Amino acid sequence: MKKKWWIALCSSLLLLTSLAITAKGATVFWEPMTYYNSQTWEMANGYSNGNMFNCTWRANNATFTNDGKLRLALTSPSYNKFDCAEYRSKFKAGYGLYEVNMKPAKNVGIVSSFFTYTGPTDGTPWDEIDIEFLGKDTTKVQFNYFTNGVGGNEKVIDLGFDASQSFHTYAFDWQPDSITWYVDGVAKHRATKNIPKTPGKIMMNIWNGTGVDSWLGSYNGANPLYAYYDWVRYTSN
């Protein structure tokens, strides 16, 4: 009887590792990245975005550590071939506050990210809001957004610490007339022009670039490299 009770309790706790509640009209989605919740998330697998992405997305490159973190890996299966990782929600979300507790990878020529995205593959305009770490200098973070495919809104912020050395919380508050980005709860940048409006998936990835050396620096082939994610939270309007 005790064994059956313990199994039931453990099953209930697993179901609670992702939480969506409604309070005062706002929906809160929160998930600790402790295991693969296939009801909520999916992993890109077996294809490449091409262009500046010099790798193939592999589901096997998204794993979970013993201390309960999502680990996205950049690896090399053979000479001058690279595998990367992308993790994304199955649902789309709109205006609200998006937060992540993460630690990016450090190396020239790579990107670790947290962002929202929707585009032609979803039958929608290309709308995207980004938090990106360029591995060449992880004492900085880059914020950006695209509205119907129009970008050019990059803003690089000095952090005052090396993001690759410890976990910190990064966020953006997306509203109809503005986007405000935060680092550890402190507002760092605000945009008010041509704001995206199309709901998108919540996404995280790590990848190495090609043909964009002026932006990322020239990737030197170093691997494996890892970006870590502790938890994600979305609070709707």
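The values are calculated or read from the model by the stated rules, or taken from the named source; none is laboratory data. Please read all numbers here as calculations on a predicted model, not as lab measurements. Every residue, glycine as well, gets a Cβ built from its backbone with ideal geometry; the counts of neighbours run over all protein chains shown. To get the accessible areas, we keep the full protein, side chains included, count just its heavy atoms, and leave off ligands, DNA and RNA. Shrake-Rupley method; radii C 1.70, N 1.55, O 1.52, S 1.80 Å.
Determine how large the accessible area of PHE91 is when every protein chain is in place; take a 1.4 Å probe and give Å² rounded to the nearest 10.
60 Å²
D for the chain, whole µm²/s, Stokes-Einstein with Kirkwood Rh over alpha-carbon pairs at 37 °C and 0.692 mPa s: what number?
Translational D for this selection: 178 µm²/s.
Placing +1 on the Cβ of each Lys and Arg and -1 on the Cβ of each Asp and Glu in region 62-215, which of ALA93, PHE146, ALA171 has its Cα farthest towards the positive end of the resulting dipole?
ALA93
Once ligands and nucleic acids are excluded and a 1.4 Å probe is used, how much of TYR117 is accessible, expressed in Å² to the nearest 10?
50 Å²
Using 0.36 nm per residue, how much length does the chain from LYS155 to ASN220 gain when fully extended, once their Cα-Cα distance is taken away?
Details: separation 65, 0.36 × 65 = 23.40 nm, distance 2.53 nm.
Full extension from LYS155 to ASN220 adds 20.9 nm.
At a 1.4 Å probe radius, carbon and sulfur cover how many percent of the accessible area of region 106-172?
Summing carbon and sulfur atoms, their accessible area is 52 percent of the total for region 106-172.
Restricting to DSSP H runs of at least four residues, report the calculated mean residue ellipticity at 222 nm for the chain, -39500 (n - 2.57) per run over all residues, nearest 500 deg cm²/dmol.
On the way: 2 runs with 18 residues, N = 237.
For the chain, the value works out to -2000 deg cm²/dmol.
Can you send over the solvent-accessible area of SER76, 1.4 Å probe, protein chains only, in Å² to the nearest 10?
40 Å²
Considering only protein heavy atoms, what per residue accessible area in square angstrom results for the chain with a 1.4 angstrom probe? Could the numbers behind the result be given before it?
On the way: 11540 Å² over 237 residues.
Averaged over the residues of the chain, the accessible area is 49 Å².
Report the FRET efficiency, 1/(1 + (r/R0)^6), for ASP184 and PHE91, where r is their Cβ-Cβ distance and R0 is 25 Å, rounded to 0.05.
Given R0 = 25 Å and the Cβ-Cβ separation, E is 0.40.
To make sure I understand the rule: partners must be aspartates and glutamates, Cα under 15 Å from the Cα of LYS106, and not fewer than 8 residues away in the same chain. Which ones qualify?
Qualifying aspartates and glutamates at Cα under 15 Å: GLU132, ASP137, ASP162.
Considering Cα pairs under 8 angstrom that are at least six residues apart, work out the relative contact order of region 137-237 and quote it in whole percent. Working shown, then result.
Working: 109 pairs, mean separation 16.4, N = 101.
Answer for region 137-237 is 16 percent.
Quick check: net charge around THR63, other residues with Cβ under 14 Å of its Cβ, Lys/Arg +1 and Asp/Glu -1?
Summing Lys and Arg as +1 and Asp and Glu as -1 gives 0.
Which length gain, in nm to one decimal place, applies between TRP30 and ASN237 when the Cα-Cα distance is subtracted from 0.36 nm times their residue separation?
73.0 nm
Stretch ASP213-SER78 to full length: gain in nm at 0.36 nm per residue minus the Cα-Cα span?
Gain on extension, ASP213 to SER78, equals 46.4 nm.
May I ask you to derive the relative contact order of the chain, considering only C-alpha pairs under 8 Å and at least 6 residues apart, and to give it as an integer percent?
Averaging sequence separation for qualifying contacts and normalising by length gives 27 percent for the chain.
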